[in-house]
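Colleague: Starting off with a structure, shown below.
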Amino acid sequence: MNPSRGLRLLFLIIPNFILRRLLPQLKSYAFFKETSSTQTPINFDLWYTQKVLGHCYSAYWPVHSTSLVGNPKNIYCGIETSPGYSPGWYIQSKGTL
């Protein structure tokens, strides 16, 4: 889930230890529990770095903080795939599909 700009600012103010415990309890953030047993689980640190701090924000799949994704709007991922989930990857898409 991509938080709105207002929520992103709020998440930056609230300490991480509170968010880490609070968000998984909310229905909108059920993906923390739902993906825990998959091959690409979305944990709090991964989500926070990407969606709150803005690292590869426009990618709709989880991306590791040391990986980079160029032009993610032209990349389509299948079920249980997450290009850039592993550390140190660079994914680039050129042109339009």
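The values are calculated or read from the model by the stated rules, or taken from the named source; none is laboratory data. All values reported here derive from a predicted model rather than from experimental measurement. All Cβ positions, even for glycine, are placed from backbone atoms using ideal geometry, and neighbour counts span all protein chains on display. Each accessible area value is taken on the protein alone, full model and side chains, heavy atoms only, with ligands, DNA and RNA left out. Shrake-Rupley method; radii C 1.70, N 1.55, O 1.52, S 1.80 Å.
Colleague: What percent of all Cα-Cα pairs in region 1-63 falls into each 10 Å bin, going from 0 up to the bin containing the maximum distance?
Modeller: All Cα pairs, binned at 10 Å, distribute as 21, 60, 19, 0 percent.
Colleague: Same structure again: Calculated from DSSP H runs of 4 or more alone, at -39500 (n - 2.57) each and per residue, what is the 222 nm mean residue ellipticity of the chain, nearest 500?
Modeller: Theoretical 222 nm ellipticity from helices: -5500 deg cm²/dmol.
Colleague: Right, here's the next one. Figure the gain on full extension for residue 89 and residue 7 (residue separation times 0.36 nm, minus the Cα-Cα span) and round it to one decimal in nm.
Modeller: Contour length minus Cα-Cα distance gives 26.6 nm.
Colleague: Once fully extended, how much extra length lies between residue 17 and residue 71, figured as 0.36 nm per residue of separation less the alpha-carbon to alpha-carbon distance?
Modeller: Gain on extension, residue 17 to residue 71, equals 16.2 nm.
Colleague: Evaluate the charge dipole of the chain about its Cα centre and quote only its size in Debye, nearest 20, assuming +1 on the Cβ of each Lys and Arg and -1 on the Cβ of each Asp and Glu.
Modeller: 280 debye
Colleague: Still on this model: Once ligands and nucleic acids are excluded and a 1.4 Å probe is used, how much of residue 65 is accessible, expressed in Å² to the nearest 10?
Modeller: Here the accessible area works out near 60 Å².
Colleague: Once the dipole of the chain is set up with Lys and Arg at +1 and Asp and Glu at -1 on Cβ about the Cα centre, which of 43, 57, 89 lies farthest towards its positive end?
Modeller: It is 57, whose Cα lies furthest towards the positive end.
Colleague: Collect residues whose amide H, placed 1.01 Å from N in the peptide plane, falls under 5 Å from the amide H of residue 69; neighbours closer than 5 in sequence don't count.
Modeller: Long-range HN contacts for residue 69: 91.
Colleague: Could I ask something else about it? For region 34-80, just list the percent of Cα-Cα distances falling in each 10 Å bin from zero outward, please.
Modeller: All Cα pairs considered, the percentages come to 27, 55, 18.
Colleague: Report the gain in length on full extension from residue 81 to residue 31: 0.36 nm times residue separation, minus Cα-Cα distance, nm rounded to one decimal.
Modeller: 16.5 nm
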